[in-house]
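To start, the structure under review is shown below, and the notes come after it.
Derivation of every value follows stated rules applied to the coordinates shown; laboratory data play no part. This is a predicted model, so every value here is computed, not measured. Note that each Cβ is placed from the backbone with ideal geometry, even for glycine, and that neighbours are counted across all protein chains shown.
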Amino acid sequence: MKGATAISVLLLFPLVVQVGCAKGDRERKLDMLENNKEFARFIEQGKTPYARWLKRQLANPDPASEGWDLWQLTFSANHLEKQEVPPVQARANLRLVARKLEQIERLCAPTVWVHSGYRSPTVNNGVGGVRHSRHMEGLAADLSFPGSEASAVKKCICKRARAGICEMYVHKDRHYIHMGLCRYLEKPGPLKWCGEK
């Protein structure tokens, strides 16, 4: 994996784990995961298809883009046991999300944290997601941009990385931003987040 910018993913379990993969440093990334006992136990026990899929992904990562591995976009807070392996179409969509994240990192914010990516229907229901959430299709991610001025990132995304985004808004707790990409043949409407009418 190439790229000089720091790329981080925030994985939220009962313990918060930040996984760094700057400059293709996979070994350090895996070491950090292994130091999270809950995550390591979930993988080792392999009780669910998702746990076994994760184990294979960690051993032989599937790059979703130059800077992101597919498995990094499949977590949601505190719902490991209920998560499912993303279906084929969702995996294809997650590659689009990964490319959009790289564009945002390149143009607007050097560090992006993903709080929630793909969700199974069960996980989506558990976190209070909407019925037709793009998360279930692998077309959405909840993001934050540590170290960057929120207003500057917002302005940059709206002006330089707007293409292909159909949803963008700040969650009610204001801790992170939801980004949803457009579905196939869906025409982007105005984004209130960008001041569009």
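Quick notes on this structure:
- In region 72-145, GluC sites (Glu not before Pro) in a DSSP loop with at most 16 other beta-carbon atoms within 10 Å: E81
- Neighbour cut-off at most 16 other Cβ (10 Å), DSSP loop, trypsin sites (Lys or Arg not before Pro), region 96-154: R131
- Cβ crowding within 10 Å averaged over residues, with 45-55, 184-194 ranked highest first: 45-55, 184-194
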